[in-house]
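Single-structure report; data block below.
The values are calculated or read from the model by the stated rules, or taken from the named source; none is laboratory data. Small disclaimer: the values here were computed from a predicted structure and weren't measured. In this analysis, Cβ positions are derived from the backbone assuming ideal geometry, glycine residues included, and neighbour counts consider all displayed protein chains. The protein model used for the area step is the full one, side chains on, heavy atoms only, and it has no ligands, DNA or RNA in it. Shrake-Rupley method; radii C 1.70, N 1.55, O 1.52, S 1.80 Å.
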Amino acid sequence: MKLNEMPFFFFDLQTTGAKPESGAAILEMAWTSSDGKTEASLIQLPNEEKIPYRIQMITGIFNDDMVAANPADQVFADLEEKFKSHRCIIHFAQFEKPFLAHQYSQWNKEFPFEILCTHEIAKRLFPNLPTRGIKGLAGYFGYPSQDLKRAAQQTEATKAIWDGLLAELSKQGIETWDQLQEWLNVTPKVSRTKYEYPLQKEKRLTLPDQPGIYRMISKWDEILYVGKATSLKDRVNSYFRGQKNRDSRKLEMLTQVYDLRVTVCGSPLEAALLETDEIKKWDPRYNISLKAGHRNVVFFNHEMTDIDYEQSEEFCIGPFSSSLVFDSIRNLRECLVAGKFHDNVFYEPIDATLVEEGFKVFCERNSLSAETFKSVRNMLALGLWWNRQFELLEDDEDTLEDDVQAEFVSDVSAEEVEELIELTAVDIADKIERHIMRAGRTYLRAKELTRILNADISYKPADSEIEMPYQIKVRAGYIASEANKERVPKVSLWNGLNIDTYDRMSVLLMELGKIRTQEGFVEIQYR
């Protein structure tokens with residue numbers, strides 16, 4: 001019987017960890033039949049265990065979902081009844097096999113199906129493909145694999161991979177089970193020598209050496225990624241250089257890229273502005289930054305105690321991309337008003353006693369009274385004054401960036417933080433200063449974002465060969481070819497505008513800042 005006529009089913013497990021010997025258990029199982037019908041079931045965890053938080057985030061299966069879980073023996077009995085005399089196909093079966101063996105050992109049995117691993121076949125057929133993981137390989141064969149979090153999604157992707165592998169095996173004269181088994185036994189797994197990509201080399205080598213944006217396109221015509229470039233030719237080809245220490249996510253994407261679409265722009269700044277709009281338009285799954293998602297612009301009231309998503313006379317301070325931007329100074333104010341410090345003033349937990357000691361050092365150092373900080377506006381005013389008095393050095397910026405990154409690690413306990421960095425009261429005083437200065441800069445940036453909503457901009461990068469500066473007209477947050485003379489009233493300037501406009505104006509400010517830093521020419525006339 002030929003392979004394409006044999007009875008197979010496609011199988012996948014989701015588990016609570018990597019190995020059953022470390023206590024991980026089967027969380028979900030799914031199967032897809034040869035005719036494409038898919039079934040899935042959550043599996044009751046032993047002793048009513050809870051799903052680890054990390055696994056909930058990875059799989060999208062939450063503890064509340066487990067009310068619908070079924071006993072393992074019942075689900076596996078259904079599987080055996082449904083697929084008598086079938087063979088089982090799994091992608092990367094070396095993960096599932098230990099869990100299946102462990103589960104069946106509890107019943108003094110063995111898993112009753114012969115297993116075929118599509119990953120093992122792919123390793124022999126495509127030794128130089130950038131990745132043979134399930135998402136990359138399914139995409140290589142034209143299956144829009146998306147996130148593949150759940151077991152049912154993975155079995156359907158495995159079926160698509162098997163269909164693709166069948167066609168490749170047929171080209172090599174392998175059409176029966178016996179021929180496949182013999183081929184697997186005699187064909188060694190070859191080490192990768194050089195990455196081979198589905199995108200034709202000529203398509204990227206003939207790209208223009210000009211600024212613009214590029215879109216990486218899948219076999220099913222999905223835009224997988226949008227990027228900007230000073231030189232389209234150099235930037236795109238940089239993805240395909242090198243063999244060692246490559247980013248696995250990029251390799252997964254490149255395994256699925258069959259085509260490129262580019263738009264040439266007049267300058268790198270224009271490319272950056274177009275990029276942010278294109279990312280919002282297409283929501284490419286391999287882009288991370290500048291995606292709209294569930295983000296909103298937010299505005300604070302005068303007292304900085306409440307927020308709204310629309311600008312008004314009451315909520316006039318903004319725009320900001322998150323309600324958390326002033327959380328640390330707002331938390332500090334709440335502690336002072338309550339007369340008691342807590343562990344969560346900053347983004348990472350720090351002992352309340354240490355924070356209180358650090359605040360005292362901060363006040364003494366700057367000859368300030370604690371009463372000053374019972375108002376967020378007072379702290380903002382201090383941050384504004386400091387920013388106007390002092391110009392931050394480059395190494396200070398690096399310190400701030402490191403500080404931000406460290407503070408958004410949400411799964412680190414207070415004990416672990418103190419083990420990594422033995423913080424002192426002086427460190428906390430320094431941190432308070434940085435947060436107040438950052439709050440001041442954030443406030444100033446919001447004002448600049450509002451000013452630049454209506455502006456005429458001339459700019460010329462330092463390395464530009466053009467004689468006359470580039471010209472950009474911005475009206476109500478959009479890049480306009482001709483100026484609209486009507487100007488939105490100031491108090492409602494951001495009404496009707498959203499995170500798309502916020503990102504567009506942020507990118508514009510950042511790119512103009514780069515030109516200034518590189519000693520180029522920038523002139524802004526606010527309207």
Of all residues in the range 216-239, how many are open to solvent by 20 Å² or more (accessible area, probe 1.4 Å) and either of a type in the set (A, V, I, L, M) or assigned to a loop (DSSP other than H, G, I, E, B) (or both)? 5
In the range 358-369, how many are surrounded by fewer than 13 Cβ atoms within 10 Å (Cβ to Cβ) and part of a helix (DSSP H, G or I)? 1
Hits in the range 1-25 - residues which are among the hydrophobic types (A, V, I, L, M, F, W, C) and either under 24 Å from A138 (Cα atoms) or modelled with pLDDT under 95 (or both): M1, L3, M6, F8, F9, F10, F11, L13, A18
Can you tell me how many residues in the range 32-60 are without any contact (Cβ under 8 Å) to a residue 40 or more places away in the chain and at positive phi? 2
Regarding D259, is this residue under 26 Å from P461 (Cβ atoms), among the acidic types (D, E) and either assigned to a helix (DSSP H, G or I) or open to solvent by 10 Å² or more (accessible area, probe 1.4 Å) (or both)? no
Note: among N237, N245, just one is more than 27 Å from Y459 (Cβ to Cβ), in contact with a helix residue (DSSP H, G or I) (Cβ under 6 Å, 6 or more places away or on another chain) and of a type in the set (S, T, N, Q), namely N237
Go through (1) modelled with pLDDT under 95; (2) more than 21 Å from V507 (Cβ to Cβ) and name the single condition S267 misses. (2)
Exactly one of (1) among the hydroxyl-bearing types (S, T, Y); (2) under 22 Å from D283 (Cβ atoms); (3) surrounded by fewer than 18 Cβ atoms within 10 Å (Cβ to Cβ) is unmet by S145. Its number? (3)
Identify, from the list A272, A338, the residue that is more than 22 Å from S218 (Cα to Cα), of a type in the set (A, V, I, L, M, F, W, C) and free of Cβ contacts under 8 Å to residues at least 12 places away in the same chain. A338
Scan (1) out of contact with any strand residue (DSSP E or B) (no Cβ under 8 Å at 6 or more places or on another chain); (2) open to solvent by 20 Å² or more (accessible area, probe 1.4 Å); (3) free of Cβ contacts under 8 Å to residues at least 40 places away in the same chain for the single condition E114 breaks and write down its number. (1)
Name the single residue that is nearest to T38 (Cα to Cα) among those in the range 60-103 being among the aromatic types (F, W, Y) and within 38 Å of the chain's Cα centre (by Cα). F76
Among (1) within 16 Å of R438 (Cβ to Cβ); (2) in contact with a helix residue (DSSP H, G or I) (Cβ under 9 Å, 6 or more places away or on another chain); (3) open to solvent by less than 80 Å² (accessible area, probe 1.4 Å) - the single one H342 does not satisfy: (1)
Here are the criteria: (1) more than 25 Å from Q471 (Cα to Cα); (2) among the basic types (K, R); (3) open to solvent by 40 Å² or more (accessible area, probe 1.4 Å); (4) in contact with a Lys or Arg (Cβ under 9 Å, 6 or more places away or on another chain). Tell me which single one R249 does not satisfy. (4)
Residues that are open to solvent by less than 90 Å² (accessible area, probe 1.4 Å) and more than 16 Å from K149 (Cα to Cα), drawn from the range 45-62: L45, P46, E49
Does P319 qualify as being under 24 Å from the mean Cα position of the chain (by Cα) and assigned to a strand (DSSP E or B)? yes
